[in-house]
1. Restricting the search to the range 47-56, which residues are loosely packed, with under 12 Cβ neighbours inside 10 Å and not small (Gly, Ala, Ser)?
2. Looking at this structure, is residue 17 at pLDDT 70 or above and loosely packed, with under 11 Cβ neighbours inside 10 Å?
3. Just to be sure before I move on: is residue 39 assigned to a helix (DSSP H, G or I), surrounded by 10 or more Cβ atoms within 10 Å (Cβ to Cβ) and at pLDDT 90 or above in the structure I sent?
4. Return the pairs, sorted by first residue and then second, in which the second residue is assigned to a helix (DSSP H, G or I) and modelled with pLDDT of 95 or more, the first residue lies in the range 45-70 and is under 18 Å from residue 21 (Cβ atoms), the beta carbons are less than 8 Å apart, and the residues are 6+ apart or on different chains.
Amino acid sequence: MKRSEWQSQRDKVAGEAERLKQREPPSLQQLVLDHGTYDKITPEAWAKFDADMAAWKAKVRFGEFPPKRI
């Protein structure tokens, strides 16, 4: 594989990884880790998590995620 082909493949893989990352829902596991335990999550953090989840669900519903590159 030539260097330019390798770079092109690397860019394609990096782009796909970024696309998949954008499609991930907010992480409840990460929220808990950020606050230590579930019962220590602040009301403000819950409000942000809920808003982020609602925005993610709207993107799913309306198909607003970046399309898969071929």
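The values are calculated or read from the model by the stated rules, or taken from the named source; none is laboratory data. On a predicted model such as this, the values are computed, not experimentally measured, just so you know. FYI the Cβ positions are ideal-geometry reconstructions off the backbone, even for glycines, and counts take in every protein chain you see.
1. Correct list: 50 only.
2. Numbers: at pLDDT 70 or above: yes; loosely packed, with under 11 Cβ neighbours inside 10 Å: yes.
Yes.
3. Details: assigned to a helix (DSSP H, G or I): yes; surrounded by 10 or more Cβ atoms within 10 Å (Cβ to Cβ): no; at pLDDT 90 or above: yes.
Answer is no for this residue.
4. Pairs that qualify, where the first residue is under 18 Å from residue 21 (Cβ atoms) and the partner is assigned to a helix (DSSP H, G or I) and modelled with pLDDT of 95 or more, are 49/28; 49/31.
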